[in-house]
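The values are calculated or read from the model by the stated rules, or taken from the named source; none is laboratory data. All figures in this text were calculated on a predicted structure; none of them were measured in a lab. All Cβ positions, glycine included, derive from the backbone under ideal geometry; neighbour counts span all protein chains shown.
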Amino acid sequence: MRHTSKLPNVGTTIFTVMSNLAKEHNAINLSQGFPNYPSSQKLKDLVTKAMNNGYNQYAPMAGNLDLRLAISNKYNLIYNSTYHPEKEITVTAGATQAIYTIISAFIRTNDEVIIFKPAYDCYQPAIEINGGETIPVQLSAPNYKVNWNEVASKVSSKTKMIIINTPHNPSGTIWSEDDMLQLQKLTKDTNIIVLSDEVYEHMIFDGEKHQSVCLLSDLKDRSFITASFGKTFHNTGWKIGYCCAPEALMVEFRKVHQFNVFSVHHPSQKGIADYMQDSETYLGLNDFFQQKRDLFLNLISDSKFKFKPSEGTYFQVLDYSEITDEYDVDFAKRLTKGYGIAAIPLSVFNEKNKDDKVLRFCFAKTDETIVKASEILRNI
Ligand code: PMP
Ligand code: GLN
């Protein structure tokens, strides 16, 4: 049998490659982004209770209504922004499925989608398998600042969508209000849809404010927000997330969603809905992760790695140019095999040959792991 790959340039994701390498060499795994401490016992008890109370059959296609209400309340509470729980919020199998489904629902052959690189790895394959063309805007370490004139020069009559991500994985930078105003201005009076990947909205440091697209009304009207309970509630393996959008966009989203997943794990949805009744469960995350970032950075402050403190996410980018000029993928592999610590090289998320000599380290780890990892990094 012969077939032509629809994604000829796609291999195994760097997250899988590095996590497998870490396992093989018994290295401390700060590569793939996931916590190594247990998630909340209360949340696990609430999911168990939901199972015992009969939440074991299909959830409604758009998601358990208690959960959609809890999500809607969150947007009112934090952003003073209203999403109708029945018409404008859909629960998904993680943010990944939300992103794939949004792109599938709107992108046709030859449509152009602008993304900012380094870009999280699931955007481009989803665009291309749907026949779209990725139009990259490459950003650079250490600030990853957007030049909005450059973005404007890439918008054409074919531009169907712009994908943004703040707080940003992998760089740990955040967008300012001015960035959002520039985006709003650029897309005004166009038919461009904005996909705003906000999975790290509750991990933002030093008193900064998350710039959600829902804060600016013109932008909100053309945008999807995607979010991940795996990130927010330290359960990446549960694969539950959601998206919000104005009704007209959500109608199209659900046409695809009902056939590529229909609905997602019901007891987890009910458990999360009950857990979210206490807003501290998500509002407390900024401090929780800032403490971990600060512990990590204090411990490696006298190492040869240079850094700009992460502004958001649970990732810290470290510049290793004082140590070696090796290609970042080679250095990441050497660190794993030779020093017992795994990280993610950023070049894999960039345009070809763009290597800023930086690696991404995940600090969603126990303090004990952070201390051990820092000890290794200080001795390199
Ligand atoms: N977007 C970004 C920027 C991510 O880092 C991740 C990984 N959590 C996702 C989307 C996917 O989230 P999920 O695990 O909920 O599918
Ligand atoms: N979002 C996680 C990260 O950035 C990886 C998820 C995955 O392995 N696909 O590390």
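Quick rundown of the values:
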item: Given (1) more than 30 Å from GLU280 (Cβ to Cβ); (2) within 14 Å of ligand 1 (Cβ to nearest atom); (3) touching a residue at least 40 places away in the same chain (Cβ under 8 Å), index of the condition VAL10 fails; result: (2)
item: Strands (runs of 3 or more DSSP E) contained in the stretch 61-177 and holding at least 2 residues closer than 19 Å to CYS214 by Cα; result: 89-92, 159-165
item: Breaking point among (1) within 13 Å of ligand 1 (Cβ to nearest atom); (2) crowded, with 19+ Cβ neighbours inside 10 Å; (3) closer than 26 Å to MET61 by Cβ, for CYS122; result: (2)
item: Residues located in the stretch 125-142, provided they are of a type in the set (Gly, Ala, Ser) and either within 14 Å of ligand 1 (Cβ to nearest atom) or farther than 18 Å from ILE193 by Cβ (or both); result: ALA126, SER140, ALA141
item: Subset of the stretch 23-42 (residues that are within 16 Å of ligand 1 (Cβ to nearest atom) and more than 18 Å from ALA93 (Cα to Cα)); result: ASN29, LEU30, SER31, GLN32, PRO35, ASN36, SER39
item: Identity of the residue in the stretch 338-366, assigned to a loop (DSSP other than H, G, I, E, B) and free of Cβ contacts under 8 Å to residues at least 12 places away in the same chain, that ends up farthest from the chain's Cα centre (by Cα); result: ASN353
item: Enumeration of residues in the stretch 57-100 that are more than 20 Å from GLY271 (Cα to Cα), in contact with a Cys (Cβ under 8 Å, 6 or more places away or on another chain) and away from ligand 2 (no atom under 16 Å from the Cβ); result: TYR79, SER81, TYR83, GLU88
item: Any hit, the stretch 172-185, residues being loosely packed, with under 12 Cβ neighbours inside 10 Å and without any contact (Cβ under 8 Å) to a residue 24 or more places away in the chain; result: yes
item: Complete set of residues in the stretch 264-292 that are within 16 Å of ligand 1 (Cβ to nearest atom), closer than 15 Å to ASP66 by Cα and among the hydroxyl-bearing types (Ser, Thr, Tyr); result: SER268
item: Subset of the stretch 308-337 (residues that are over 22 Å from the mean Cα position of the chain (by Cα) and among the polar types (S, T, N, Q)); result: SER321, THR324, THR336
item: Unique match (being buried (at least 20 other Cβ atoms within 10 Å of the Cβ) and more than 22 Å from ASP206 (Cβ to Cβ)) among LYS357, LYS352, LYS365, LYS372; result: LYS357
item: Wholly enclosed helices (runs of 4 or more DSSP H) of the stretch 196-294 bearing at least 2 residues under 16 Å from the mean Cα position of the chain (by Cα); result: 229-232
item: Filtered residues of the stretch 41-60 (kept if in a helix (DSSP H, G or I), more than 27 Å from the chain's Cα centre (by Cα) and surrounded by 14 or more Cβ atoms within 10 Å (Cβ to Cβ)); result: LYS49, ALA50, MET51
item: Residue within the stretch 163-182 that is of a type in the set (A, V, I, L, M, F, W, C) and more than 16 Å from ligand 1 (Cβ to nearest atom) present; result: yes
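Residues are listed down the side, and each one gets a yes or a no for (1) touching an Asp or Glu at 6+ places or on another chain (Cβ under 8 Å); (2) modelled with pLDDT under 95; (3) within 16 Å of ligand 2 (Cβ to nearest atom):
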site	(1), (2), (3)
THR226	yes, no, yes
PHE229	no, no, yes
GLY241	no, no, yes
VAL256	no, no, no
ASP274	yes, no, no
GLU280	no, no, no
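So that you can scan it fast, the table gives a plain yes or no per residue for (1) more than 15 Å from ligand 2 (Cβ to nearest atom); (2) in contact with a Pro (Cβ under 9 Å, 6 or more places away or on another chain); (3) at pLDDT 95 or above:
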position: ILE323; (1), (2), (3): yes, no, yes
position: TYR327; (1), (2), (3): yes, yes, yes
position: ALA332; (1), (2), (3): no, yes, yes
position: LYS337; (1), (2), (3): yes, no, yes
